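Report on the structure given below.
The values are calculated or read from the model by the stated rules, or taken from the named source; none is laboratory data. Small disclaimer: the values here were computed from a predicted structure and weren't measured. For neighbour counting, all protein chains shown are included, and Cβ atoms are generated from backbone atoms with ideal geometry for every residue, glycine included.
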Amino acid sequence: MMKIKLLILFLTCSLIGTSQKQVDDQFNSWWTYSGTHKITNKFSVSTLYSWRRSDFVKNWQQSLLRTGLNFKVTDNFTITPGYDWLVNFPYGKQPALTQSYEHRPYEQFTIKNKIGRFYIKHRYRIEQRFLQKTGLNSNNEKESYGYKFRNRIRYRLTFTLPINHKTLDNKTLFLSVYNEVFINLGKGAGIAKPFNQNWFNTSLGYKVNNQISVKLGYQNQYLIKGNGNIERNHTFMFGISYNFDFRK
C-alpha cells in the first residue's frame, strides 16, 4: 500500500512539475497492419508493422516492427514474450538531433473478460529498451552512437462494444476505447518523474470475419520529453488485422 501511495505521489509531482513547460500540439497518422497466427491450440505468433507519420502523412515519425510468441494459458489469460524494432525520426516542434534505432524485447500478459455486452482486456507489458544515443561529434555534426538501457512498464485497459450484434460475430460493427499508461523504471527514469506518457484511443471497427477486421480512430498521445517539455500528438489511426490459422 505504501508503494502504491508513493507511486501516486510521484505521478502527481510529475504532472505538476511539467504543467509550466512548453506544450506543443501536433497532428500525425499511424497506419498499422497486425495479425495473430495460430500454430497449435495453445501457441500463436503475433505480427505487427506500424507506419507512423508526422504532419499527418508528410514526414516520418517512427517505423515499428513487432513480433511475439503467444501462449494461451486459459481462454482468458495469455503470456507473450516478444521483440520490437524501431526507427525513430526527428519530427515536430521538438525534434531529436538525428534518426536513431531502438531494440526492445518485452514480456506481457493479457487478461480478458466480458461484462454484459462489453469485452474488457487488461494488457500488462514490461519492456527492456536499448535506445541509440544521439549527439554532436567533435566536428559539431549530428550523429547516432552507442546504446543506453532503460526499463519501462505499460498498462492498457480496453473496452470493446459490439454495435449491430450482441457479440463480436462476423460482420460486426464495434466501438473500441482504451487508455494506456507508460512508467519508466530503474536508473535513468528520474525518481520524481517516472510517468513517461499516456495514450487515449477511441476507434470504430468492423469485423468482417474471424480473419479480417479494420479500424478507424483517433489517439491522443501525451508525451513528456527528456527536457520536461510536453507533446500532445493528435493522431489519426487506421488499422487492418489479418489472421492466419496454420492448424488447418
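One table, with the values for the structure above:
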{"quantity": "Answer from ASN233, ASN184, ASN220, ASN179 - the residue that is in contact (Cβ under 8 Å) with a residue 40 or more places away in the chain and under 27 Å from GLN128 (Cα atoms)", "calculated": "ASN233"}
{"quantity": "Filter result for the condition that a residue is on the phi < 0 side of the Ramachandran plot and at pLDDT 90 or above, over PHE10, PHE56, PHE27", "calculated": "PHE27"}
{"quantity": "Any pair with Cβ under 9 angstrom, 6 or more apart, that starts in the stretch 145-161 at a residue that is at negative phi and ends at one that is surrounded by 15 or more Cβ atoms within 10 Å (Cβ to Cβ) and small (Gly, Ala, Ser)", "calculated": "ARG150/ALA189; ASN151/ALA189; ARG152/ALA189; THR158/SER176; PHE159/SER176; THR160/SER176; THR160/GLY205; LEU161/SER176"}
{"quantity": "ILE183 over 23 Å from HIS122 (Cβ atoms), of a type in the set (Val, Ile, Thr) and either at pLDDT below 95 or touching a Lys or Arg at 6+ places or on another chain (Cβ under 9 Å) (or both)", "calculated": "no"}
{"quantity": "Selection within the stretch 231-248 - under 27 Å from ASP24 (Cα atoms) and crowded, with 18+ Cβ neighbours inside 10 Å", "calculated": "GLU231, ASN233, THR235, MET237, GLY239"}
{"quantity": "Residue satisfying all of: in the stretch 43-82; of a type in the set (D, E, K, R) and more than 20 Å from GLN211 (Cβ to Cβ); surrounded by the fewest Cβ atoms within 10 Å (Cβ to Cβ) among these", "calculated": "LYS58"}
{"quantity": "Residue in the stretch 193-248 that is modelled with the lowest pLDDT, counting only those that are under 21 Å from TYR155 (Cβ atoms) and outside any strand (DSSP E or B)", "calculated": "LYS193"}
{"quantity": "Residue in the stretch 75-85 that is in a loop (DSSP other than H, G, I, E, B), closer than 27 Å to GLN132 by Cα and aromatic (Phe, Trp, Tyr) present", "calculated": "no"}
{"quantity": "Residue match in the stretch 160-176 (condition: within 23 Å of GLY228 (Cα to Cα) and either surrounded by 14 or more Cβ atoms within 10 Å (Cβ to Cβ) or not aliphatic (A, V, I, L, M) (or both))", "calculated": "no"}
{"quantity": "Residue in the stretch 135-157 that is part of a loop (DSSP other than H, G, I, E, B) and either surrounded by 17 or more Cβ atoms within 10 Å (Cβ to Cβ) or modelled with pLDDT of 90 or more (or both) present", "calculated": "no"}
{"quantity": "Count of residues meeting criterion [in a loop (DSSP other than H, G, I, E, B), closer than 23 Å to GLY135 by Cα and touching a residue at least 12 places away in the same chain (Cβ under 8 Å)] in the stretch 86-121", "calculated": "9"}
{"quantity": "Qualifying residue in the stretch 34-41 (condition: within 21 Å of ASP84 (Cα to Cα), touching a strand residue (DSSP E or B) at 6+ places or on another chain (Cβ under 8 Å), of a type outside the set (Phe, Trp, Tyr) and free of Cβ contacts under 8 Å to residues at least 40 places away in the same chain)", "calculated": "no"}
